[in-house]
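Before any comments, here is the structure.
The values are calculated or read from the model by the stated rules, or taken from the named source; none is laboratory data. Remember, it's a predicted structure, so these values are computed and weren't measured experimentally. Cβ placement follows ideal geometry from the backbone for every residue including glycine, while neighbour counts extend to all protein chains displayed.
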Amino acid sequence: MPSLKVKLGLLELESPLLTASGTFGFGEEYAPLMAMEGLGALITKTITLEPRLGNPSPRMVETPAGMLNAIGLQNPGLENFIKIELPRLHSWTVPLIVSIAGETEEEYVTLARALEGQSGIAALELNLSCPNVKKGGILFGMDAALLESLVGMVRAAWSGPLIAKLTPNVTAIEELARAAARGGAQIISAINTLRGMVIDITARRPLLGNLAGGLSGPAIRPVAVKMVYDIYAATSMPVIGVGGIMNTDDALQFVLAGAAAVAVGTANFVEPRTIPRIAAGLREYLAENGLHSLQELVGAAHNSGQRTEDS
Amino acid sequence: MKQCSAQVRELEEVREGFYYLALEEPYLAATALPGQFLHLRVTTTFDPLLRRPFSVAGTSPQTGIVRLFFRRLGTGTKLLSCLRRGDPLDCLGPLGSPFMPAGKSPAVLLAGGTGIAPLLFLAEKLGGTGDEVYLFYGAATAASLLPVERFLPSGPRLFYVTADGSAGETGLLTDAFRRALEKGLVPGELFACGPRPFLAILAEENRRWGYPLQVSLEENMACGLGACQGCAVLLQKDGKRTYARVCREGPVFCDAEVVW
Ligand SMILES: Cc1cc2nc3c(=O)[nH]c(=O)nc-3n(C[C@H](O)[C@H](O)[C@H](O)COP(=O)(O)OP(=O)(O)OC[C@H]3O[C@@H](n4cnc5c(N)ncnc54)[C@H](O)[C@@H]3O)c2cc1C
Ligand SMILES: Cc1cc2nc3c(=O)[nH]c(=O)nc-3n(C[C@H](O)[C@H](O)[C@H](O)COP(=O)(O)O)c2cc1C
Ligand code: FES
């Protein structure tokens, strides 16, 4: 049988299919619905140092081929995560990737150091779509120097595989990917949600409680594919592609663009069995095309010899 | 809770834009409780993208039937209204936390608009006679009132209320209920479902009345399972504010814990 195994630097996974942060909680809710078949690793909801209440409602609304959300990183905080969620998460037999975020560099470092002391965490993912309160609220992921220094500080506190999850709300994402590499990240995750807004025309105000939100789902897929393509061309780091993956064909687009693995987000809400289905679909595709491993296809779309022109 | 493929047994437009949908799915019929809902995949494509939540309005465990009522509003409910007998329908359910009757008689059920759905189921489960269960059911006009007697042959004493007086009492549901209280009705406990403003007025009034009141709330939903935190509603518990998930801790809440 063709292999779905993948090595993302030091992170070895049985399957390239991951759960995108924030769309699978801490796994508990999906456990009764989903066999673990085909799941390569579970990426948790982003946790922060202190518990976070989250944003006022409404927190989400459907948009054409997507959804806009402003959850506000509601999470139980580091201490409760370690005490309550982490032991429960160990019942999943797949590797566990913990997503963290902070409002200052120190918060990220404290989180990383505390998690370094815990067993059973395969990797950390840095959610870089978080405002830096000391720098007037600019996202860590928007400024190359800020990002590089943050990743470097976390690197010193966490010895395992480190994933930098990039925000697409930047001019040239490959610059941020390079900065993450310089800081010491070994894996890039791209992309987080795109900023957006829906206006309630009856109330004549933004619909979400937080006013603006993050767009996800099929609507953002072409944006995400292009960004993965650009990151692949600019760096030698393995990439986890994220953004609107609903089925096998979508996952293949990301792989061909340069993703060694992919994460499924919004699709979990629509069809909880998306990941096992894509796993089966990928195996079938490989068998039909006489390939032994999905890794043979990573970045294959770059072989056309043509360069992209910005239009 | 499971993901199931239910089969459409019956679909009828009982009032203009209001539909009755009977699904056959033995597991759901055997396990769903009043207040719980199903999260339906209304299409096999991704347009619209997300599932749509609907309260269970009744079950017949012997025949494996689950009943829903829905109002045609947008794309999702339009697609549902085009289903045919025998069509499969992908459901997640039963989801959410049900009403918890304490058995205090009489139970008074207050339904505004499509809020009738979970309360029909509750009335059915409470059983009892007209002295034990009262159902106040309000809508804008007679044309949008569902014929409750047809789906609930015996049981509660029924009070229809319409804003324009085209059926039953005239005015707001809360006004009709207040009048009943003035005439001597002494509820044991209250259950309500309907538009948020109606529930907010009821909860406000109930601060004086002090009856045990459970309300079923709505919020936009993505996962329906408790994973995304998208359906949050602000609660106040022991002086502390927290968000609860309408799809998990809810949709049924105690009136006093909701920050209206
Ligand atoms: C727990 C729960 C139980 C529910 N039970 C029922 C039920 O038993 N019967 C029923 O008919 N509906 C019920 N609803 C509401 C139902 O889910 C929505 O009406 C439905 O999702 C609308 O989908 P749509 O694609 O047709 O409309 P959309 O295209 O999503 O929306 C069309 C229009 O309807 C408005 N709209 C959307 N949702 C609502 C809403 N909840 N209330 C008022 N206006 C809305 C939108 O603002 C928009 O203007 C329930 C909702 C929840 C959260
Ligand atoms: C409801 C919701 C919550 C999310 N929460 C987080 C989060 O806590 N941390 C994070 O890094 N990304 C979060 N994301 C972004 C997703 O992980 C993913 O990057 C994005 O949704 C694009 O993928 P998709 O189109 O497959 O959903 C969230 C997305 C959604 C829809
Ligand atoms: S809809 Fe996702 S948590 Fe309620």
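Side notes on the structure shown:
- Of all the numbered requirements in (1) buried (at least 17 other Cβ atoms within 10 Å of the Cβ); (2) at the interface with chain B (Cβ under 8 Å from one of its Cβ atoms), A:LEU53 misses one, and that requirement is (1).
- Condition check for B:ARG67: surrounded by 17 or more Cβ atoms within 10 Å (Cβ to Cβ), basic (Lys, Arg) and within 15 Å of ligand 1 (Cβ to nearest atom): yes
- There is no residue in region A:13-20 that is farther than 28 Å from A:GLU103 by Cα, within 9 Å of another protein chain (Cβ to nearest Cβ), modelled with pLDDT of 95 or more and not in a loop (DSSP other than H, G, I, E, B).
- Region A:68-97, residues that are among the polar types (S, T, N, Q), at the interface with chain B (Cβ under 10 Å from one of its Cβ atoms) and not in a strand (DSSP E or B): A:GLN74
- Leading residue by the ranking (farthest from ligand 2 (Cβ to nearest atom)) among those in region A:25-55 that are more than 30 Å from A:ALA280 (Cβ to Cβ) and part of a strand (DSSP E or B): A:ARG52
- The criterion of being within 16 Å of ligand 1 (Cβ to nearest atom), out of contact with any Pro (no Cβ under 8 Å at 6 or more places or on another chain), under 30 Å from A:PHE24 (Cβ atoms) and not acidic (Asp, Glu) does not hold for B:VAL259.
A quick yes/no check of all residues on (1) within 16 Å of ligand 1 (Cβ to nearest atom); (2) modelled with pLDDT of 95 or more; (3) out of contact with any strand residue (DSSP E or B) (no Cβ under 8 Å at 6 or more places or on another chain); (4) within 21 Å of A:GLU116 (Cα to Cα):
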position: A:VAL154; (1), (2), (3), (4): no, yes, no, yes
position: A:ALA164; (1), (2), (3), (4): no, yes, no, yes
position: A:GLU174; (1), (2), (3), (4): no, yes, yes, no
position: A:GLY183; (1), (2), (3), (4): no, yes, no, yes
position: A:ILE191; (1), (2), (3), (4): no, yes, no, no
position: A:ILE201; (1), (2), (3), (4): yes, yes, yes, no
position: A:LEU215; (1), (2), (3), (4): no, yes, no, no
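- Test: residue in region A:56-67 that is in a loop (DSSP other than H, G, I, E, B), among the β-branched types (Val, Ile, Thr) and either within 12 Å of ligand 2 (Cβ to nearest atom) or under 21 Å from the mean Cα position of the chain (by Cα) (or both): no
- Figure legend. Inter-residue proximity from region B:242-258: first residues more than 12 Å from chain A (Cβ to nearest Cβ), second residues of a type in the set (Lys, Arg) and in a strand (DSSP E or B), beta-carbon distance below 8 Å, spacing 6+ or different chains. Indicated pairs: B:GLU257/B:LYS237.
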